[in-house]
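Undergrad: Dropping a structure here in structure tokens format, bear with me for questions.
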Amino acid sequence: MVSRSYTNLLDLASGDTPTFGRVGKRLPRVMTVAGIMSDLDDENTNSVNSDGPSSISQDRVIIVGNQLPLRTVRKSDGDGGWDFSWDEDSLLLQLKDGLGEDVEVIYIGCLRQEISPSEQDDVAQMLLENFRCVPAFLPPDLFTRFYHGFCKQQLWPLFHYMLPLSPDLGGRFDRSLWQAYVSVNKIFADKVMEVINPDEDYVWVHDYHLMVLPTFLRKRFNRVKLGFFLHSPFPSSEIYRTLPVRDEILRALLNSDLIGFHTFDYARHFLSCCSRMLGLAYQSKRGYIGLEYYGRTVSIKILPVGIHMGQLQSVMNLPETETRIIDLKNQFKGRTVLLGVDDMDIFKGISLKLLAMEQLLIQHPDWRGKVVLVQIANPARSRGKDVQEVQCETYSIVKRINETFGRRGYDPVILIDTPLQFYERIAYYIIADCCLVTAVRDGMNLIPYEYVICRQGNELVDKALQLDASVAKKSMLVISEFIGCSPSLSGAIRVNPWNIDAVAEAMDSALVVPESEKQLRHEKHHRYVSTHDVGYWAHSFLQDLERACGDHLRRRCWGIGFGLGFRVIALDPNFRKLSVDHIVSAYKRTKNRAILLDYDGTMMAPTTIDKTPSPEVIGFLSSLCKDPKNVVFLVSGRDKETLTKWFSSCEKLEIAAEHGYFMRPSHNGEWETCVSVADFDWKQTAEPVMRLYAETTDGSSIETKESAIVWHYQYADPDFGSCQAKELLDHLESVLANEPVSVKSGQHIVEVKPQGVSKGLVAERLLETMHRKGVLPDFVLCVGDDRSDEDMFEVIMGAMAGSSLSPVAEVFACTVGQKPSKAKYYLEDTLEIVRMLQGLAMASDQASRGSRTFHIE
């Protein structure tokens, strides 16, 4: 079934009468008052659950970017209309090569020209009909505060590692600009809603301009198939954490199914931010990186974008390209050409490149008169004082170099700061002996890729250069280590652009490399660039997006939270939240109850410093223990002395300490061991190793028990602590390989304990004891929060198929928080666990009072 909004738009665009919906209404325009943030929680944005697939057979992808891949020109004739054409340079248009001919693509974005309100409806209809484009019309003031304000003054500098330490260094955070950013993202969400078929369509959102859009889309359709790709760098957590709206943006991005980055560094920084600011850990399984977020797995994709091979080949075949190649070849005859192609902005490192060129001519005077640096400076995409300073510095350095080292007929540096046709740039690539990219920070930068393909050339280029087509081609690259394409170009000379002397030496090395070496490096680069083009990138991303969305229909979803804190909870159909009313009802109608409770992280929050149980918890446990129908077992990893002290007032409470190594069946009973251990000599090996890691990991500590040794790192740096835990686990497994112990990692711990000791053993003992007494439990409650409790869940769930439980037993295996577990139920946190215990305790108290009243009567 095609979505109603989409069908209406197509009908309206084609002039046909709609088959359903509001008849005769023209293409709607979203009216947003400039400067007013659209309501985040209005009644029309309630979550919509998609319960079944539609019957549409053709795949459709909705591509959302800040700008539509269109060129817009006002007509020269008298009617004042507009001419639109595809922008062949737009990445959003080029990526269609990887989608297949049978995939329909709809674009959503802004136009480069301002369209008057009176023309917007007609323009929107024409673009939808002729280009399958849906324009988002933004009021000029709102667009200025969104794009030139929040995007370019705050996000863009921060993502390129510029902190607003002063008003001149990036823009200080302005709440009104943030509200404009959110408002524009809301408008884009409304445009997506006009055309989306949520059951079938894939939505692909691009770049930092639309980072909160996933929240609005996920709020409308919980199961929307949504991918996001960031084309800029993602800064380290130390930089990103300075952003006042850091959590809002992270949570919005996590409403995507797949998040793409150009490099592992960018992805690593994002994952580190999620860990440090949201407490989320990532896992890598079979080559895929994923974050568990409220029951959903958010996949991480690492793949640099490629170039459009077809476009470059077609331009190289143009006759004007051949003519320009010949002209440039004659112009630079007898000289070696170094080429730089950069935007005129503060992060492209043009001045650093020029200073390196100056240093090259100083340190290697033999190159004077022989080498020329051609610097093509494209117009800046942003505006402001910093751009003017870059221009002034660039002109000044070029003038100084040419005055110092130039002579009649020779300028060491040629600066081209006027716009060039694409074929002219291609011609410069082809005649350049080496390409220099010295950006101090750049998300990707495709200049080296274009250079490599152009140096490979074709028949027409070989003719213009008078080259033998059978001779191997060659090229050299000197590139900054701070740009996204650097990891994929292993044959390039990588430099730190801030080290002027090192860049100058790299330029000299590139010029004197043997011809055979240049050919090998070129061949290596050409093989990679030609096979990892933009089509490959797009196909790979959408393939992973399809995989990431594969279980949407299998899971139950619902939305929680307000505003940008909205998120979707997605659960396996068999894993659901435990209803307190339901369990209390089952509790009241049963007579033989077995209750197993973990303590830390279950009845006591893990962030609490004082772990002593509250009087409230002691009271609930006492009420449960006094009920003659109950057998209550506290199963903890703590030592027996601490547990005895804390729970001495709960007279009938049975306790298992140190994960089941010690058990005490009654208040006055003796502690007994569940597993026979010959000796603990292995502690003499394990403890020094743990102490080494405790000394080198600030915030970590060692806990020594009678049966086990535990290394805690809850208060250590999250990344370093996790890294050290993995190292410690490997180290201990190696040195204790021949000892009768098990080494396990848990929530912020690494533990060594005797083999066979587990909480599952306690659950088995409890059920066996009740069975020997002729009691078959008809109510079992087992609650825990971490990996050690999974052993209990496994035993309890397995007992349902055996003879140790009543045939009509009510079994509640419940974990704390939503995560993969062998339990079938969950509660959100310790507060909900305590609230559930309170409900059970009140039921026991009521039953006890009722029993006493009956006896009195």
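The values are calculated or read from the model by the stated rules, or taken from the named source; none is laboratory data. Just so we're clear, the structure is a prediction, and the values are computed from it rather than from any experiment. So basically every Cβ, Gly included, is an ideal-geometry build from the backbone, and we count neighbours across all protein chains shown. Ligands, DNA and RNA are excluded from the accessible area calculation, which covers all protein heavy atoms including side chains. Shrake-Rupley method; radii C 1.70, N 1.55, O 1.52, S 1.80 Å.
Undergrad: Where in segment 487-551 are there helices (runs of 4 or more DSSP H), lying fully within it, with 3 or more residues that are of a type in the set (S, T, N, Q), out of contact with any Leu (no Cβ under 9 Å at 6 or more places or on another chain) and open to solvent by 50 Å² or more (accessible area, probe 1.4 Å)?
TA: Hits in segment 487-551: 515-531.
Undergrad: Identify all residues within segment 249-296 that are open to solvent by 60 Å² or more (accessible area, probe 1.4 Å) and not aromatic (Phe, Trp, Tyr); write none if there are none.
TA: Passing the criteria: ARG251, ASP265, ARG268, ARG276, GLY279, ALA281, GLN283, SER284, LYS285, ARG286, GLY287, GLU292.
One line per residue, one yes/no per condition, for (1) touching a residue at least 60 places away in the same chain (Cβ under 8 Å); (2) open to solvent by less than 50 Å² (accessible area, probe 1.4 Å); (3) under 39 Å from the mean Cα position of the chain (by Cα); (4) under 16 Å from MET344 (Cα atoms):
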residue: ASN402; (1), (2), (3), (4): no, yes, no, no
residue: ARG407; (1), (2), (3), (4): no, no, no, no
residue: LEU420; (1), (2), (3), (4): no, no, yes, yes
residue: TYR428; (1), (2), (3), (4): yes, yes, yes, no
residue: CYS435; (1), (2), (3), (4): yes, yes, yes, no
residue: ASN445; (1), (2), (3), (4): no, yes, yes, yes
residue: GLU450; (1), (2), (3), (4): yes, yes, yes, no
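Undergrad: Within segment 817-836, is even one residue open to solvent by less than 40 Å² (accessible area, probe 1.4 Å), in contact with a Leu (Cβ under 6 Å, 6 or more places away or on another chain) and either β-branched (Val, Ile, Thr) or free of Cβ contacts under 8 Å to residues at least 60 places away in the same chain (or both)?
TA: yes
Undergrad: Starting from segment 210-221, take each residue that is part of a helix (DSSP H, G or I) and modelled with pLDDT of 95 or more and list its partners that are of a type in the set (A, V, I, L, M, F, W, C) and open to solvent by 10 Å² or more (accessible area, probe 1.4 Å), counting only C-beta distances under 6 angstrom and pairs at least six apart or across chains.
TA: Filtered contacts from segment 210-221: THR215/LEU564.
Undergrad: Here's another thing I want to ask about it. Scan segment 332-391 residue by residue and report those that are closer than 19 Å to CYS435 by Cβ and of a type in the set (Lys, Arg).
TA: ARG335, LYS348, LYS353, LYS370, listed by residue number.
Undergrad: Open to solvent by less than 10 Å² (accessible area, probe 1.4 Å) and outside any helix (DSSP H, G or I): does that describe ILE479?
TA: yes
Undergrad: A follow-up question, please. Could you list, in sequence order, the residues of segment 224-263 that are in contact with a strand residue (DSSP E or B) (Cβ under 6 Å, 6 or more places away or on another chain) and among the charged types (D, E, K, R)?
TA: LYS225, ASP257
Undergrad: Just to confirm my filter: which strands (runs of 3 or more DSSP E) fall fully inside segment 628-669 and include at least 1 residues that are open to solvent by 20 Å² or more (accessible area, probe 1.4 Å) and in contact with a Pro (Cβ under 9 Å, 6 or more places away or on another chain)?
TA: Strands (runs of 3 or more DSSP E) meeting the threshold: 630-635, 654-657.
Undergrad: Within segment 159-202, work out how many residues are open to solvent by less than 10 Å² (accessible area, probe 1.4 Å) and in contact with a Gly (Cβ under 7 Å, 6 or more places away or on another chain).
TA: 1
The rows are residues; the columns are (1) farther than 27 Å from PHE541 by Cα; (2) outside any helix (DSSP H, G or I); (3) modelled with pLDDT of 95 or more.
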site	(1), (2), (3)
VAL105	no, yes, yes
GLU114	yes, yes, no
PHE137	yes, yes, yes
GLY149	yes, no, no
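Undergrad: Within segment 66-84, is there a residue that is open to solvent by 70 Å² or more (accessible area, probe 1.4 Å) and touching a Ser or Thr at 6+ places or on another chain (Cβ under 7 Å)?
TA: Scanning segment 66-84, I find at least one residue that is open to solvent by 70 Å² or more (accessible area, probe 1.4 Å) and touching a Ser or Thr at 6+ places or on another chain (Cβ under 7 Å), so the answer is yes.
Undergrad: For segment 128-147, what are the residues that are hydrophobic (A, V, I, L, M, F, W, C) and open to solvent by 40 Å² or more (accessible area, probe 1.4 Å)?
TA: PHE143 - this is the single residue of segment 128-147 that is hydrophobic (A, V, I, L, M, F, W, C) and open to solvent by 40 Å² or more (accessible area, probe 1.4 Å).
Undergrad: A follow-up question, please. Output the residues belonging to segment 514-540 that are among the hydrophobic types (A, V, I, L, M, F, W, C) and out of contact with any helix residue (DSSP H, G or I) (no Cβ under 8 Å at 6 or more places or on another chain).
TA: Answer for segment 514-540, where residues must be among the hydrophobic types (A, V, I, L, M, F, W, C) and out of contact with any helix residue (DSSP H, G or I) (no Cβ under 8 Å at 6 or more places or on another chain): just LEU520.
Undergrad: Can you tell me which condition VAL757 does not meet? The list is (1) assigned to a loop (DSSP other than H, G, I, E, B); (2) open to solvent by 60 Å² or more (accessible area, probe 1.4 Å); (3) closer than 21 Å to GLU687 by Cβ, and all the others hold.
TA: Of everything listed in (1) assigned to a loop (DSSP other than H, G, I, E, B); (2) open to solvent by 60 Å² or more (accessible area, probe 1.4 Å); (3) closer than 21 Å to GLU687 by Cβ, VAL757 misses just condition (2).
Undergrad: Among all residue pairs at least 6 apart or on different chains, which show Cβ distances below 8 Å where the first residue, located in segment 771-788, is free of Cβ contacts under 8 Å to residues at least 40 places away in the same chain and the second is open to solvent by less than 70 Å² (accessible area, probe 1.4 Å) and part of a loop (DSSP other than H, G, I, E, B)?
TA: The qualifying pairs are HIS771/SER804.
Undergrad: Now for a different question. Within the group VAL529, VAL478, VAL503, which residue is within 13 Å of VAL440 (Cα to Cα) and β-branched (Val, Ile, Thr)?
TA: Only one candidate qualifies: VAL503.
Undergrad: Name the residues in segment 556-610 that are open to solvent by 20 Å² or more (accessible area, probe 1.4 Å), at pLDDT 90 or above and part of a loop (DSSP other than H, G, I, E, B), would you?
TA: SER579, ARG589, LYS591, ASN592, listed by residue number.
Undergrad: A follow-up question, please. Between a residue in segment 544-572 that is under 29 Å from LEU303 (Cα atoms) and any residue that is of a type in the set (S, T, N, Q), which pairs come within a Cβ distance under 6 Å, given they are 6 or more apart or on different chains?
TA: Close Cβ pairs (under 6 Å, with a partner that is of a type in the set (S, T, N, Q)) amount to ALA548/SER299; LEU564/THR215; PHE566/THR215; VAL568/ASN222.
Undergrad: Those residues that are under 12 Å from TYR107 (Cα atoms) and not in a strand (DSSP E or B), I need them from segment 195-205; list them, please.
TA: Correct list: VAL195, ILE196.
Undergrad: Evaluate segment 779-793: report whether one residue or more is surrounded by fewer than 20 Cβ atoms within 10 Å (Cβ to Cβ), touching a strand residue (DSSP E or B) at 6+ places or on another chain (Cβ under 8 Å) and not in a helix (DSSP H, G or I).
TA: Within segment 779-793, none of the residues are surrounded by fewer than 20 Cβ atoms within 10 Å (Cβ to Cβ), touching a strand residue (DSSP E or B) at 6+ places or on another chain (Cβ under 8 Å) and not in a helix (DSSP H, G or I).
Undergrad: So, of the residues in segment 356-384 that are of a type in the set (S, T, N, Q), modelled with pLDDT of 95 or more and within 42 Å of the chain's Cα centre (by Cα), which turns out to be nearest to ILE414 (Cα to Cα)?
TA: The qualifying residue nearest to ILE414 (Cα to Cα) is GLN375.
Undergrad: Look through SER742, SER734 and report the one residue that is free of Cβ contacts under 8 Å to residues at least 40 places away in the same chain, under 38 Å from the mean Cα position of the chain (by Cα), surrounded by fewer than 19 Cβ atoms within 10 Å (Cβ to Cβ) and under 30 Å from ALA799 (Cβ atoms).
TA: Criteria check complete, one pass: SER742.
Undergrad: Scan segment 417-446 residue by residue and report those that are over 23 Å from VAL387 (Cα atoms) and either out of contact with any Leu (no Cβ under 8 Å at 6 or more places or on another chain) or β-branched (Val, Ile, Thr) (or both).
TA: Result: PHE422, GLU424, ILE426, ILE430, ILE431.
Here's the yes/no breakdown for (1) touching a strand residue (DSSP E or B) at 6+ places or on another chain (Cβ under 6 Å); (2) closer than 29 Å to VAL512 by Cα:
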| site | (1), (2) |
| --- | --- |
| VAL374 | yes, yes |
| PRO379 | no, no |
| VAL387 | no, no |
| THR394 | no, yes |
| ILE401 | yes, yes |
| ARG407 | no, yes |
| PRO419 | no, no |
| PHE422 | no, no |
| ARG425 | no, yes |
